[in-house]
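Worksheet for the structure shown next.
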Amino acid sequence: MRKNIVAGNWKMNLDLEQGIHLFNEIQDLLKVELRGEQEVIVCSPSIHLNSLAKALNDTSKLSIGAQNCHQAENGAYTGEVSAQMIASAGAKYVIIGHSERRLYFSESSSLLAQKLDTTLKNGLLPIFCIGETLEQRNGGTYFDVIKEQISEASFHLDGSEYGKLILAYEPVWAIGTGLTASPEQAQEIHLFIRNLIVEKYGQSLAENITILYGGSCNPKNAAELFAQPDIDGGLIGGASLKARDFVDIIKALN
Ligand code: PGA
């Protein structure tokens, strides 16, 4: 059975005090309100990870993740953060290949393939993002784009490694824009992605892979998106910065 997951992506927002405050608010609300088996992840700026790990209470339903890591194990890469550092700070997950990293930091599929390797080698679980731009959607090439992004960056992994991945379909035109993919549009791509994994790794592995939707997901549209058979949760940007909204999105996933 695949896991239902909601992950928050704080991006480059919140100073340390604000981050701890939000984290505690989420934790307190979940303690009282979370009934189901959903897994909840907060992906904070790397510099906050260890403080959030220390703020986790014993019964917490939260896990912590980073938003990026360097592809090398260590070395002379001034300003960068390694997978091992992230793991040692108390994180379990790391987002790899977010469209903002592809766009603003020119991250290519071959680089992302290396990042997936390093992440897995260091015991972290990758949340691997894919998604087409508006131009690609309108030009009708989006199935090819998604196929290429997935196969070039991740299909070198063997089955036991692939089973550790969480995928996140995030149409670039829906991120931070208030435009959400319709449940039908999102389901179409999620099913397409799952079928690619069936072809490569077989039915049972594909059935167990969690595929998240991301892009202007909010408490109003979450339930309809999560009701689709191949949408197993969400990767939430803006709405993860408000505890009430984030928890309402989590509660929409049952
Ligand atoms: P958004 O961002 O929810 O603010 O659209 C999603 C993401 O970038 O992961």
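The values are calculated or read from the model by the stated rules, or taken from the named source; none is laboratory data. Just so we're clear, the structure is a prediction, and the values are computed from it rather than from any experiment. We place every Cβ from the backbone using ideal geometry, glycine too, and count neighbours over all the protein chains shown. Each accessible area value is taken on the protein alone, full model and side chains, heavy atoms only, with ligands, DNA and RNA left out. Shrake-Rupley method; radii C 1.70, N 1.55, O 1.52, S 1.80 Å.
Across the chain, where is the longest run that never hits GluC sites (Glu not before Pro) in a DSSP loop with at most 11 other C-beta atoms within 10 Å? Walk me through the intermediate numbers first.
On the way: sites that count: GLU37, GLU73.
Result for the longest clean stretch: 74-254.
Skip the ligands, DNA and RNA, and give the accessible area per residue of segment 33-174 with a 1.4 Å probe, whole Å².
45 Å²
Restriction of the trypsin sites (Lys or Arg not before Pro) in segment 191-254 to DSSP coil positions whose beta-carbon has at most 14 other beta-carbons within 10 angstrom yields LYS220.
List, in the order given, every pair from LYS11/LYS220; LYS61/LYS200; LYS3/LYS31 whose Cα-Cα distance in the structure shown is over 26 Å.
Working: LYS11/LYS220 22 Å; LYS61/LYS200 33 Å; LYS3/LYS31 19 Å.
Table pairs above 26 Å Cα-Cα are LYS61/LYS200.
In percent, what relative contact order does the chain have, based on Cα pairs under 8 Å that are 6 or more apart in sequence?
That works out to 22 percent.
Taking one quarter of the surface of the C-alpha convex hull of segment 1-67 gives a mean projected area of 4.6 nm². Calculated translational diffusion coefficient of segment 140-245 (20 °C, 1.002 mPa s; Stokes-Einstein with Kirkwood radius over alpha-carbon pairs) equals 150 µm²/s. Summing Cβ point charges (Lys, Arg +1; Asp, Glu -1) relative to the Cα centre of the chain gives a dipole of roughly 400 debye. Shape index of the chain: Rg/Rh, with Rg the Cα radius of gyration and Rh the Kirkwood radius from the inverse mean 1/r over Cα pairs, equals 0.94. Within the accessible surface of the chain, defined with a 1.4 Å probe on protein heavy atoms only, the carbon and sulfur portion equals 51 percent. At an R0 of 35 angstrom, the distance between the Cβ atoms of GLN203 and SER108 translates into a FRET efficiency of 0.70. With the charge dipole of segment 5-251 set up from +1 on Lys and Arg Cβ and -1 on Asp and Glu Cβ about the Cα centre, the Cα lying farthest toward the positive end among the listed residues GLY233, GLY90, GLY163 is that of GLY90.
Alpha-carbon geometry of segment 33-149: the Rg and the Dmax are 16.1, 50 Å, given in that order. Note on LYS147 and LEU191: the model spin-label points, each 7 Å out from Cα along the C-beta direction, lie 1.7 nm apart.
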